[in-house]
Amino acid sequence: NRPAYPFSESGLPAGVARFLNANAPGGKILNDANTGGYLPWTLNPKFRIYMDMQMSIFSDTDFAFTQNAFFDVNAFRSFIREYDPSYISVSLYRPYFKKVVESEGRFVPVFFDQAEVLYVNKSHYADLAGRYALKAIEPFAYAEVIYADQSAEKLAEIFSEASRLLEQDPTNYRAHHILSSISVVRRQYDKALWHAEAVVRRYPEQSHGYALKGDALFAMSRYEEAARLYQKALDMGRTSKA
């Protein structure tokens, strides 16, 4: 279960970077400082990030400013007034940021990968925000959705947005997760299995890929195979990042 060789994207906003490079014209980013060191390495130079923790030019005050902006409404508004970013890339492990960003109103979620959610400032790039806005999928809570309880119309909307994520980022962990789960509900088991295997292949160290594959096999009445995969996922631990 070693991570992908020679480089694992687990825990990094790799999909966010690919989305920005492919679709956005550049601009300033309020970024999560913890992954800031990855962004200069992968983003086009036309983008400017707020903070890279590997650089000594930043102070504790700089770090505190960006951290507070992610969970305090007043700090967030102060940051927006001072820097007016075109984009925000925030960890999926900051679910409280949803309320913070909604207090301002200009930022629209357009993409997410295994690590972070990307927002676009619609007052800067209305076309980009309108074209890619996520309306059916809630990035911070997507894993809590019970797809079997959704209406056919809602499933179609979620499926469409997840498919768009995958078109932008073919290795997108969470898009594969969503599409595999919906395919099980639709009894399209071969498709469910394909998406699950894509997760296992790209993120072999993540337990959820094996659980997804187990779901597909269980639905296909391949119970012994499913049981082995469920056990494998449990053995890998419930604290695996996903």
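List of remarks:
- Note on Y223/V73: beta-carbon distance plugged into 1/(1 + (r/R0)^6) with R0 of 41 Å gives a FRET efficiency of 0.25.
- Taking the square roots of 5 times each eigenvalue of the Cα gyration tensor of the range 170-242, largest first, gives ellipsoid semi-axes of 17, 16, 8 Å.
- Cα coordinate range in the range 50-157, projected on the principal axes (Å, largest first): 52, 27, 24
- Here D84 and S163 are evaluated by their C-beta separation; at R0 = 51 Å the FRET efficiency comes out at 0.95.
- Multiplying the residue separation of E104 and K135 by 0.36 nm and removing their Cα-Cα distance gives an extension gain of 9.4 nm.
- The long axis of helix 14-23 is offset from the longest Cα principal axis of the chain by roughly 70 degrees.
- Exposed-loop-free span, longest in the chain, where GluC sites (Glu not before Pro) count as exposed if DSSP calls them loop and at most 15 other C-beta atoms lie within 10 Å: 1-103
- When the Cα convex hull of the range 89-134 is projected onto planes of every orientation, the mean area is 3.0 nm².
- On a per residue basis, the chain carries 50 Å² of accessible surface, using protein heavy atoms and a 1.4 Å probe.
- Simple label model, 7 Å out from Cα along Cβ direction - Y93 to F7, nm: 2.2 nm
- Between A64 and R187, the simple label model (points 7 Å from Cα in the Cβ direction) yields a spacing of 6.1 nm.
- Carbon plus sulfur fraction of accessible area for the chain, probe 1.4 Å, in percent: 51 percent
- Note on the range 100-164: the alpha carbon radius of gyration divided by the globular reference 2.2 N^0.38 Å gives 1.18.
- Taking 20 Å as the limit for the C-alpha separation, the pairs K99/K122; K98/K122; K99/K135; K46/K135 exceed it in the case of K46/K135.
- Kirkwood hydrodynamic radius (C-alpha pairs) into Stokes-Einstein, the range 13-53, 4 °C and 1.567 mPa s, D in µm²/s: 129 µm²/s
- Computed log₁₀ I(q)/I(0) - Debye formula, equal Cα scatterers, no solvent, the chain, q 0.12, 0.17 Å⁻¹: -0.71, -1.26
- Angle between the chain longest axis and helix 73-83 axis [Cα atoms, degrees, rounded to 10]: 60 degrees
- Toward the positive end of the charge dipole of the chain, with +1 on the Cβ of Lys and Arg and -1 on the Cβ of Asp and Glu, the farthest Cα among W41, V185, A14 is that of V185.
- Distance histogram in 10 Å bins (all Cα pairs of the range 158-197, percent per bin): 38, 57, 6
- For the range 18-105, the spread of Cα positions along each principal axis, largest first, Å: 31, 31, 25
- Once both labels are positioned 7 Å from their Cα atoms along Cα-to-Cβ, the gap between T42 and E197 label points is 2.6 nm.
- Sum of -39500 (n - 2.57) over DSSP H runs of 4+, divided by residues of the chain (222 nm, nearest 500): -15000 deg cm²/dmol
- With 10 Å bins from 0: P(r) over the range 128-217, alpha-carbon pairs, percent: 18, 52, 27, 3
- Charge dipole (debye, nearest 20) of the range 48-174; +1 at Cβ of Lys and Arg, -1 at Cβ of Asp and Glu: 260 debye
The values are calculated or read from the model by the stated rules, or taken from the named source; none is laboratory data. Just so you know, these numbers come straight off a predicted model, no measurement behind them. Note: ideal-geometry Cβ built from the backbone for every residue, glycine included; neighbour counts use all protein chains shown. All accessible areas refer to the heavy atoms of the entire protein, side chains included, with ligands and DNA or RNA removed. Shrake-Rupley method; radii C 1.70, N 1.55, O 1.52, S 1.80 Å.
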